[in-house]
1. Of the listed values [x] 14.4; [y] 21.9; [z] 15.2, grab the one calculated as mean projected area of the Cα convex hull in nm² from the structure here.
2. How do 16, 199 line up, fewest other C-beta atoms within 10 Å first?
3. Using Cα-Cα distances under 8 Å and only pairs 6 or more residues apart, what relative contact order does the stretch 146-202 have, in percent?
4. Mind checking the full-extension length gain between residue 231 and residue 90? Use 0.36 nm per residue of separation minus the Cα-Cα distance, one decimal, nm.
5. By how many degrees, between 0 and 90 and to the nearest 10, does the Cα long axis of helix 75-94 differ from the longest principal axis of the chain?
6. Within the stretch 17-39, find all residues whose amide N lies under 20 Å from a label point positioned 7 Å from the Cα of residue 68 along Cα-to-beta-carbon.
7. Based on DSSP, what percent of beta bridges with both residues in the stretch 74-172 are antiparallel, to the nearest 5?
8. Any chance you could give the angle, 0 to 90 degrees and rounded to 10, that helix 202-215 forms with the longest Cα principal axis of the chain?
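Just so it is clear, none of the values below were taken in a lab; they were calculated from the coordinates. Please read all numbers here as calculations on a predicted model, not as lab measurements. Counting neighbours? That spans all protein chains shown, and the Cβs are built from the backbone with ideal geometry, glycine included.
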């Protein structure tokens, strides 16, 4: 596998994964998906990483599936493509670290799905988002899974039925994007957010992220049953005790981040 499809770097607890196939507009081909799956697996196992930024090189963030690859695909090929894509999207949700999409350009179809699957999104004013599969006779059904859990259903259906792109500001109004900044500020703004998040306990963030997505589809009683159990578990951790002591003593907490992997990964699995 050519690792150059996804570039990876770690700086002071923040990992940046960069889609790196600009000549194909970072299309989510099988090769790209395999490279992204591998990179996410490596990040998940790296105890030094507290936050992940998912960026891209070139003019586009991601144009979605590789239509040239799909145009000659067999049924089994399609099964492999969509299965691997779903696995990658789910791995973003299950990753122990928070993931921030840094979107500078167009994110369409499965590229929009990729953005919606991240925990947070910082977008340039130049970014646009679309699920245009309906225009080529292939409804964006799998992208709709992530999209419909991020933006209101009526807006999701409008995007899916018309295929028309929405701007970064419209995406922000509808909950797909957290922050919109000028293009020249995108990298710095994303890193600033990542570093702000990275000041928290890694084990606490891991427990909290996993519980957040686990309770989200449940009704209130079930959600509270999940949440209160995790709160008890969290409250008993060394970092929670340290955090409470630090607050009472009016000092900065000193986290024991190396405890994250064992306890949190077991809880997530």
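1. The calculated read-out lines up with [z].
2. If I rank by nearby Cβ atoms, fewest first, I get 199, 16.
3. 27
4. Details: separation 141, 0.36 × 141 = 50.76 nm, distance 2.39 nm.
Taking residue 231 through residue 90 to full extension adds about 48.4 nm, to one decimal.
5. Once rounded, the angle reads 30 degrees.
6. Under cut-off, by backbone N: 19-36.
7. Taking every DSSP beta bridge with both residues in the stretch 74-172, the antiparallel ones total about 20 percent.
8. The angle comes out near 60 degrees.
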